[in-house]
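Below: the structure, in C-alpha cells.
The values are calculated or read from the model by the stated rules, or taken from the named source; none is laboratory data. In this text, all values refer to a predicted model and were calculated from it rather than measured experimentally. Virtual Cβ from ideal backbone geometry, glycine too; neighbours counted across all protein chains shown.
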Amino acid sequence: MTDETKTAEAFAPAGGETAAKAGGETASGLPTEEVARLSDEIVGALKTVYDPEIPADIYELGLIYKVDIADDRTVTVDMTLTTPNCPSAQELPIMVENAVSSVAGVGPVTVNIVWDPPWDQSRMSDEARTTLNMW
C-alpha cells in the first residue's frame, strides 16, 4: 500500500481502520471524517448485496477481503467467492460494483476476484452463522 491509498480492511464485519495522521487527515489528504464516512457507507452498500443462493449478505459471509479508497476517491474492492465454481461468479462482482458506486462521493470502482486466501466458513460473522444456522 502506498501513501496515496487508505485501506479499510474488511476481513471481519466489524469493518476496518483507516490510516490517519495528526490534524484529522489521512496520509494522502482526504479528511479522516470523509474516509470514515465513505468506509461506513461502502460497508452499508456491501451489506445490500446477497449471494442469490445464500440468504446472507456478502459482507457478513466474509467474501469482502479489502476495500481501498484512493485519494482521488477511486475504490478498489478485493473479494472472493465461496467456491471457484460459484454459479453467481459473473453477477456478484457487478452487483458489488453497482452497490459501491451508489455511495455519494465515490469515484470509479474496480472489483477484483481473489482466491488467496481461500474462503472458508470461519470468515462468516456471527450474524451470518445465525441466519444460516451454521454453528
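Here is a check on your reading of the model: is residue 78 farther than 14 Å from residue 103 by Cβ, outside any loop (DSSP other than H, G, I, E, B) and at pLDDT 95 or above? For residue 78, the condition - farther than 14 Å from residue 103 by Cβ, outside any loop (DSSP other than H, G, I, E, B) and at pLDDT 95 or above - is met. Scan segment 85-108 for residues that are under 20 Å from residue 53 (Cβ atoms) and either touching a residue at least 60 places away in the same chain (Cβ under 8 Å) or in a helix (DSSP H, G or I) (or both) and the total you get is 9. The lone criterion from (1) outside any loop (DSSP other than H, G, I, E, B); (2) more than 10 Å from the chain's Cα centre (by Cα) left unmet by residue 111 is number (2).
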